[in-house]
Number of protein chains: 2
Amino acid sequence: MTDFAATRKAFDLPEGVIYLDGNSLGPLPTAAKTKVAARMQDEWGEMLITAWNRAGWMEEPRLIGDRVGKLVGAPKGSIVMGDTLSIKVHQALASALELREGRRVILSDTGNFPSDLYMAQGIARTLDKGHELKTVAPEDVLANIDETVAVVMITEVDYRTGRKHDMAAIIERAHDAGALVIWDLAHSAGAIEVDLGGTGVDFAVGCTYKFINGGPGAPAFIYVRPDLADQCRPALSGWLGHEAPFAFDLDYRAGDGIDRMRCGTPPVLALAALGAALDVWDQVDMADLRARSIELSERFIKGVEAACPALTLVSPRDPQARGSQVSFAFPDGYAAMQAVIDRGVIGDFRAPDIMRFGITPLYLNEDDIDKAVEIIADVMNNELWKDAKYQTRAAVT
Amino acid sequence: MTDFAATRKAFDLPEGVIYLDGNSLGPLPTAAKTKVAARMQDEWGEMLITAWNRAGWMEEPRLIGDRVGKLVGAPKGSIVMGDTLSIKVHQALASALELREGRRVILSDTGNFPSDLYMAQGIARTLDKGHELKTVAPEDVLANIDETVAVVMITEVDYRTGRKHDMAAIIERAHDAGALVIWDLAHSAGAIEVDLGGTGVDFAVGCTYKFINGGPGAPAFIYVRPDLADQCRPALSGWLGHEAPFAFDLDYRAGDGIDRMRCGTPPVLALAALGAALDVWDQVDMADLRARSIELSERFIKGVEAACPALTLVSPRDPQARGSQVSFAFPDGYAAMQAVIDRGVIGDFRAPDIMRFGITPLYLNEDDIDKAVEIIADVMNNELWKDAKYQTRAAVT
C-alpha cells in the first residue's frame, strides 16, 4: 500500500493553504530545492562543460523519460523529455500525418486543450494539402472515426470538467479504421492509471508540471509506439535527434527510435527539479493513487453539494468517467474563486463559469477536503465573493 | 569603462581552473544560485499557481527578451524567449519562407551550425514544394544571393573556427535581391557587438547558455523586425502565442507582434538563472567587451604560436574577422584537448582536428591567458597527450 502520509511530507506546502490546483501546477517537492542547488553548484559550477558527460546531462532526457514511463505504462526507451507540450503535439501530429499520407482528416474534440487544436491548425496550414481539423463534441468522437481520418488527437481528461474519455475504445475504433491515435496525457499522467504499452496507442504526449509536480515550465514528454518510432521522419529535425549529433555532419539522419524526437539542447536545470518530483513517485502505486483520488473526490463532491446549493457539478458524477479534478459551475465563478483563494483554498477558474479543484492524493487528505468544503461554503453562503476586490480579472486566470 | 575585475567576481569559478569554454557553456553566475532558490521557495513553493500573476512569470519571456535585446541592439518588444535555438530557427525559417512564397532557395553555408541546416532540411521536406537548401562555402555566400533566394540563413560566427561573416554586407545584398535574412547569433550574443535594429535584419535567433551565461539548456530567443512581425503567421501556433491565451478559444488567432513567437508554457526556473546572468551584463558596455576580447585573444594567439609550433591557427588572424574564440588545428586534437583539460585548462574539441578556446572577458584576465598558454605548451611540447587515457572518446565531445 502506498503511504500517502509519507508522500505528503515530501512537499513544501505553505502554512494555512489547502492546495487544490495541482492539476494546473503541482507544488514544490522539498528535495527539488537541494537537487537543483546541487546541479547548479556541483555540476554547472564545478564541472562546467564537462558535466554533459560527467554528470550525465546528455542522457537525462531518456533516463527521466523512462521514469515518467513507469507512471503511464510505457516500456523502457519509448519516452523522451524535452520542449513544451505544444511542440510535442507538433512532433506527434507531423509524424502521424506523414504516416497516413493519403488521408486528410485530423479528428479532435471541443474538449481538447486549445493549444493542441492550434498546433493542428498550424500544421494543416503549413502542409497546405487540404488537411481538415474536424473538431466534434467529445461524445461524438467515436462515431466520427472513419477511413478518411488520418489521426485521432484526443486529450483524455477534459481540462475544464475532468470528463474522461474511454481511450481504449477510441484506440480500437481508430485502428480498425486504419487511423493513428495521439493521446494527450496532460491531465492523466500522475492523475489516473494509463497503460500506453497495453493499449497499443501510437503517440502520447504530456506535460510534467501538473500532477507530476515537476515545476513551472517543466519539460514535456513524447511517447512513440516502439515499432512505429523508426518509421517517423521528424519534422523538427534538430541536432540532438540526429544519429550522431557530435559528428556535426551537414545532413540530417534521424537517430534510432525515440531519440529522433529529441530536438535542441535539454533543459538541464528543469530536469533536476523533475527528477526530485519523480523520486516521490517511486513510492507510489498508481492503482492506490487512483483509488485514493476517487475517495477524496467523492468526499469533496458530497461535501460541496450538501453545503453549496448555488454550485452545479459539471464533472461527471461517475468517478470512473472522471480524471482527478472536480469542477463546479457558478455564474460568478471568477469572483467566487478569488474569494476562496483569499481564504487559503487554492483552486482556479476557467471561462466562462467553471471553478476547478484538483484532487491530488500525494499531498491532500480528508482534513484538507473537509476544511476546503467549509471555506467554499462560507464564501458561497455568505456571498463573500460580492466584495468589489474579487471582481477585477488578472491576466492569467 | 566596464569594470572587468568586478564582473569576474560575479562568477563561481572552480579553484585551479581556467575556463576557456564559455563559447559552449558559460560558467555559473554566483547570484543565479540565490535567484533560482528564491524562485523555487518564495514563488513556486509559497505562491504556487498564483505566481503566474503575482511573480510575473507569464510576462517574463518578454521582459527577459528586452534585456537580451540590449546586448544585440534590438528595440524593446522585438525579442521573446522560449524553447531551444533549433525551434527558434524553425519559427524564423517557416515565417520567412511563407513571406517569400514564390521563391524556393534557402541559402546557407557549410560553416553554419548543423542543427540550423537540419531544421531547414526538415522544413523543406515538410513543405514538399521543392524548396532547396543550398549550402555553399562561407566565402561564396554573397555571390550566391540572387532573385531565386527566399531566405539567407547565416550563423555569424563559425562555431569551429570563430570566422565572422560580414553580416551588414549579406543583409544589404539579400535585401537588394528581395530575400530575407535569418541571423543566428549563437556565437555572437554576448561575444561581439551586434546591431539588429540598425542593420535592418529580418529575423535573428540565438541561445543564452554560451557567452550570455544563462545556464545549461537556458531558453533561446527570437527577434523579428518590428514592422515584419505582424505579417508572420506562426507555423508553431501554440497557445501562448495566441491573441488571448486565457480565452481558450478553439481557433488560433496570432498575438500582436513578437508575442506570436511564443508557443508553450515558459521555462520558469531556467528564466530565473538567465535573469541573474543578465544582471552581470547590466554592468557591461559591449564596445568595451569587444575591445577586451580582442586584446585577450591576440595575447592568446601570440603566446600559443610562440610556444607551440605543432598547433596551426585556424581562426582568422584579423581580429575584426573573428568572433570571441580562438581555434587551433592539431591532428591529435582530441587527445591533446583531454590532456589540457586534465591540467585545468578547459577548452573543447570539434571534429576532425580543432581545439577550441573561448575568450570571455567577463571572467578571464591576462594571468589566465598566460597560465593557459603555459599549460597548453607543456602538453604539446612534452607530448603529454600521448598517454593512453586521453585517447578514448567520450559521448559528448
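The values are calculated or read from the model by the stated rules, or taken from the named source; none is laboratory data. Just so it is clear, the structure is predicted and the values come from calculations on it, not from any experiment. No Cβ is skipped: glycine too gets one built from the backbone with ideal geometry, and neighbour counts run over all protein chains shown. The protein model used for the area step is the full one, side chains on, heavy atoms only, and it has no ligands, DNA or RNA in it. Shrake-Rupley method; radii C 1.70, N 1.55, O 1.52, S 1.80 Å.
When the residues of segment A:81-106 are filtered to those that are of a type in the set (A, V, I, L, M) and more than 19 Å from residue B:82 (Cα to Cα), which remaining residue is farthest from the other protein chains (Cβ to nearest Cβ)? Ranking the qualifying residues of segment A:81-106, first place goes to A:105. Restricting segment B:18-34 to residues that are more than 7 Å from chain A (Cβ to nearest Cβ) and among the aliphatic types (A, V, I, L, M), the residue that is nearest to residue B:359 (Cα to Cα) is B:20.
Does residue A:83 count as modelled with pLDDT of 95 or more, of a type outside the set (A, V, I, L, M, F, W, C) and farther than 29 Å from residue A:368 by Cα? When the stated conditions are applied, residue A:83 passes them. State whether one or more residues within segment B:122-138 are open to solvent by less than 10 Å² (accessible area, probe 1.4 Å), under 26 Å from residue B:81 (Cβ atoms), within 13 Å of chain A (Cβ to nearest Cβ) and assigned to a helix (DSSP H, G or I). So far as segment B:122-138 goes, yes, one or more of its residues are open to solvent by less than 10 Å² (accessible area, probe 1.4 Å), under 26 Å from residue B:81 (Cβ atoms), within 13 Å of chain A (Cβ to nearest Cβ) and assigned to a helix (DSSP H, G or I). Taking (1) assigned to a loop (DSSP other than H, G, I, E, B); (2) at pLDDT below 95; (3) not charged (D, E, K, R) in turn, residue B:53 satisfies each apart from (1). Exactly one residue among A:306, A:272 is open to solvent by 30 Å² or more (accessible area, probe 1.4 Å) and among the aliphatic types (A, V, I, L, M), and that residue is A:306. Which one of A:217, A:178 is on the phi > 0 side of the Ramachandran plot, within 14 Å of another protein chain (Cβ to nearest Cβ) and either part of a loop (DSSP other than H, G, I, E, B) or hydroxyl-bearing (Ser, Thr, Tyr) (or both)? Every option except A:217 fails the conditions.
Exactly one residue among B:12, B:42, B:3 is open to solvent by 10 Å² or more (accessible area, probe 1.4 Å) and facing another protein chain (nearest Cβ under 8 Å), and that residue is B:12. Listed by position, the helices (runs of 4 or more DSSP H) enclosed by segment B:284-397 that each have at least 1 residues that are within 14 Å of chain A (Cβ to nearest Cβ) and touching an Asp or Glu at 6+ places or on another chain (Cβ under 8 Å) are B:333-342.
Per-residue answers, yes or no, for (1) open to solvent by 10 Å² or more (accessible area, probe 1.4 Å); (2) at pLDDT 95 or above; (3) of a type in the set (Lys, Arg):
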residue	(1), (2), (3)
B:331	yes, yes, no
B:343	yes, yes, yes
B:358	no, yes, no
B:365	yes, yes, no
B:376	no, yes, no
B:381	yes, yes, no
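Scan B:265, B:312 and give me the residue that is hydroxyl-bearing (Ser, Thr, Tyr), open to solvent by 40 Å² or more (accessible area, probe 1.4 Å) and at pLDDT 95 or above.
B:312
Considering only residues of segment A:238-250 that are at the interface with another protein chain (Cβ under 7 Å from one of its Cβ atoms) and touching a residue at least 24 places away in the same chain (Cβ under 8 Å), which is least open to solvent (accessible area, probe 1.4 Å)? Looking at residues that are at the interface with another protein chain (Cβ under 7 Å from one of its Cβ atoms) and touching a residue at least 24 places away in the same chain (Cβ under 8 Å), I get A:238.
Table: residues versus (1) in a helix (DSSP H, G or I); (2) in the same structural domain as residue B:184 (by TED's automatic domain parsing); (3) in contact (Cβ under 8 Å) with a residue 24 or more places away in the chain.
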site: B:41; (1), (2), (3): yes, yes, no
site: B:76; (1), (2), (3): no, yes, no
site: B:89; (1), (2), (3): yes, yes, yes
site: B:118; (1), (2), (3): yes, yes, yes
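So which of A:126, A:110 ends up being in the same structural domain as residue A:62 (by TED's automatic domain parsing), at pLDDT 95 or above and within 29 Å of residue A:286 (Cβ to Cβ)?
Of A:126, A:110, the one residue that is in the same structural domain as residue A:62 (by TED's automatic domain parsing), at pLDDT 95 or above and within 29 Å of residue A:286 (Cβ to Cβ) is A:110.
The number of residues in segment A:57-72 being at the interface with chain B (Cβ under 10 Å from one of its Cβ atoms) and outside any helix (DSSP H, G or I) comes to 0.
Here is the figure for segment A:245-283: residues that are part of a loop (DSSP other than H, G, I, E, B) and closer than 23 Å to residue A:91 by Cα total 14.
Evaluated against (1) under 30 Å from residue A:361 (Cα atoms); (2) open to solvent by less than 30 Å² (accessible area, probe 1.4 Å), residue A:52 falls short on exactly one condition, (1).
Filter segment A:55-65 down to the residues that are of a type in the set (D, E, K, R) and surrounded by 17 or more Cβ atoms within 10 Å (Cβ to Cβ), then identify the one that is farthest from residue A:259 (Cα to Cα). I'd like the intermediate steps shown before the answer.
Narrowing segment A:55-65 to residues of a type in the set (D, E, K, R): A:59-60, A:62.
Cutting the leftovers down to surrounded by 17 or more Cβ atoms within 10 Å (Cβ to Cβ) gives us A:60, A:62.
Values: A:60: 12, A:62: 8 Å.
Out of the qualifying residues, it is A:60.
Any residue at all in segment B:46-56 that's over 20 Å from residue A:28 (Cα atoms) and either among the acidic types (Asp, Glu) or more than 9 Å from chain A (Cβ to nearest Cβ) (or both)? No: segment B:46-56 contains no residue that is over 20 Å from residue A:28 (Cα atoms) and either among the acidic types (Asp, Glu) or more than 9 Å from chain A (Cβ to nearest Cβ) (or both).
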